[in-house]
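The structure under discussion appears below in the form of structure tokens.
The values are calculated or read from the model by the stated rules, or taken from the named source; none is laboratory data. Predicted model only: the values in this text are computed from it and were never measured. Please note: Cβ atoms are built from the backbone with ideal geometry, for glycine as well, and neighbour counts cover all protein chains shown.
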Amino acid sequence: MAAVSSMSRISGLCRHAVRQTAALKSPRLLQRRSFRVTAVQQQQQPFDSSLEKPQFPGASAEFVDHLEFIQPNVIAGIPVYRVMDRQGKIINPSEDPQLSKETVLNFYQKMTLLNTMDRILYESQRQGRISFYMTNYGEEGTHIGSAAALESNDLVFGQYREAGVLMYRGFPLDLFMAQCYANADDLGKGRQMPVHYGCKDLHFVTISSPLATQIPQAVGAAYALKRENMNRAVICYFGEGAASEGDAHAGFNFSATLECPLIFFCRNNGYAISTPTNEQYRGDGIAARGPGYGMLSIRVDGNDVFAVYNATKEARRRAVAENQPFLIEAMTYRIGHHSTSDDSSAYRSVDEVNYWDKQDHPISRLRHYMTARGWWSEDDERSWRKQSRKTVMEAFERAERRLKPNPELLFTDVYQEMVPRLAKQRESLFRHIQQYKEHYPLDLYEK
């Protein structure tokens, strides 16, 4: 009887499942019947194929009756937006951002201070005082112009050549030096290699070495800000070399489909370490990729700080107001070596570098603009250069004298409480140091 009862229950369940399946299928059957009826009705009427529109869900397009492949460059080069020419002259007065004298002087002083810091820290690495460095020569306009266009609480994801953005936001020279020297004042507690800055208070996410990882991270952060409706934007910096990474393509697509308030800021400086742009891609640069992902894009003269400012300011305004990403490609040139591990003379000529250094430098262009308005003189230049070098050298000397972080910090900030495996590693390390203490100058480290 139990077996019969069990079989009866199973039979009932099966009948119920069949009825549910039939119910689910019935709308689909009705749709199919409706489609067939419509098709039959259309066949009974005169049909003009020229009026037929594609119904495919994956694209918006028109039918054509001739075979033609789409060319890589649909237009003859995406134009480069600029406000002033190489001599600092405003080309179209309606595009002049009309910034105050104080603001423009601040731009110039930050750009030149960054340049001075680069020279001193580059030489310090060559002297063996720090382990590594990356200069920003020639790209100062992209940093300051974009940073000035943001709100102070906007979130910044950098790559590794955006020190000027952090400097504009108020990051002090002492902390730049502390990070490069990995001393006890370093916010990262000496754990990162030089130039991998970060500052929570200034909303600048700590830089990481792997190329392009910041791009999908920035998308996630922008999506979170959108959900919280905080009227904030995210800006994500990267080079044209990083744009070849898979993370870039994933980030572009996610940002567009999730409709994130995000600015992708690509510094196209001509080289991905030693690889020139003509070996990196065949399309029209990075801005050309934006439309394919459904993003509004623009190409700007990265050596024109006003063009960078205008483009970033408008992109920021619309990104927040409309919840959509923007792609800015800033055309510039990396005057310095990729890093202290690189010798760029192996893959480019001195004449090429000299052109950009002497003929089309963002600092020179802005100085021409200020000089023409009587805002800057030769005496101002000499005085400021002397003062800025003195300021950088003082911070440099303080950093060099400062103790290194306490070795105990090697084992903190991962777990709330030290796990047994980590405790064992700690004991092993300090036992080793005690045994060979003549090789470990602990007096140079904080107690």
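Listing for the model above:
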quantity	calculated
One residue from Arg426, Arg421, Arg431 being without any contact (Cβ under 8 Å) to a residue 40 or more places away in the chain, in contact with a helix residue (DSSP H, G or I) (Cβ under 7 Å, 6 or more places away or on another chain) and either assigned to a helix (DSSP H, G or I) or not small (Gly, Ala, Ser) (or both)	Arg426
Filter result for the condition that a residue is in the same structural domain as Leu175 (by TED's automatic domain parsing), touching a helix residue (DSSP H, G or I) at 6+ places or on another chain (Cβ under 9 Å), surrounded by fewer than 16 Cβ atoms within 10 Å (Cβ to Cβ) and modelled with pLDDT of 95 or more, over Ser341, Ser377	Ser377
Answer from Ile298, Ile328 - the residue that is farther than 30 Å from Pro194 by Cβ, in the same structural domain as Tyr160 (by TED's automatic domain parsing) and part of a strand (DSSP E or B)	Ile298
Residues that are part of a loop (DSSP other than H, G, I, E, B), within 27 Å of Arg289 (Cβ to Cβ) and not hydrophobic (A, V, I, L, M, F, W, C), drawn from the stretch 78-109	Pro79, Arg82
Matching residues in the stretch 369-418 - criterion: being part of a loop (DSSP other than H, G, I, E, B) and over 25 Å from Lys110 (Cα atoms)	Arg402, Leu403, Pro405, Asn406, Thr412, Asp413, Val414, Tyr415, Gln416, Glu417, Met418
Some residue of the stretch 141-153 being over 23 Å from Tyr271 (Cα atoms), touching a helix residue (DSSP H, G or I) at 6+ places or on another chain (Cβ under 7 Å), not polar (S, T, N, Q) and not in a helix (DSSP H, G or I)	yes
Yes/no for Pro57 being surrounded by fewer than 14 Cβ atoms within 10 Å (Cβ to Cβ), farther than 30 Å from Ser388 by Cβ and at pLDDT 95 or above	no
Residue in the stretch 110-135 that is farthest from Ser341 (Cα to Cα), counting only those that are assigned to a helix (DSSP H, G or I) and among the β-branched types (Val, Ile, Thr)	Thr112
Tally, over the stretch 327-349, of residues that are under 21 Å from Ile78 (Cα atoms) and among the aliphatic types (A, V, I, L, M)	4
Candidates Tyr440, Tyr436, Tyr445, Tyr415, filtered to the one that is in contact with a helix residue (DSSP H, G or I) (Cβ under 9 Å, 6 or more places away or on another chain), exposed (fewer than 11 other Cβ atoms within 10 Å of the Cβ), on the phi < 0 side of the Ramachandran plot and not small (Gly, Ala, Ser)	Tyr415
Which listed residue, of Ile298, Ile328, Ile286, is closer than 21 Å to Ala163 by Cβ, crowded, with 18+ Cβ neighbours inside 10 Å and in contact (Cβ under 8 Å) with a residue 40 or more places away in the chain	Ile328
Breaking point among (1) out of contact with any Cys (no Cβ under 7 Å at 6 or more places or on another chain); (2) touching a residue at least 60 places away in the same chain (Cβ under 8 Å), for Leu258	(2)
Residue tally, condition in contact with a helix residue (DSSP H, G or I) (Cβ under 7 Å, 6 or more places away or on another chain) and assigned to a loop (DSSP other than H, G, I, E, B), over the stretch 155-189	10
Test: residue in the stretch 114-132 that is aliphatic (A, V, I, L, M) and in contact with a strand residue (DSSP E or B) (Cβ under 6 Å, 6 or more places away or on another chain)	no
Filtered residues of the stretch 226-241 (kept if of a type outside the set (Lys, Arg) and either outside the structural domain of Glu139 (by TED's automatic domain parsing) or part of a loop (DSSP other than H, G, I, E, B) (or both))	Asn229, Met230, Asn231, Ala233, Glu240, Gly241
The stretch 143-194 - residue that is among the acidic types (Asp, Glu) and farther than 16 Å from Gln214 by Cβ and, of those, surrounded by the most Cβ atoms within 10 Å (Cβ to Cβ)	Asp186
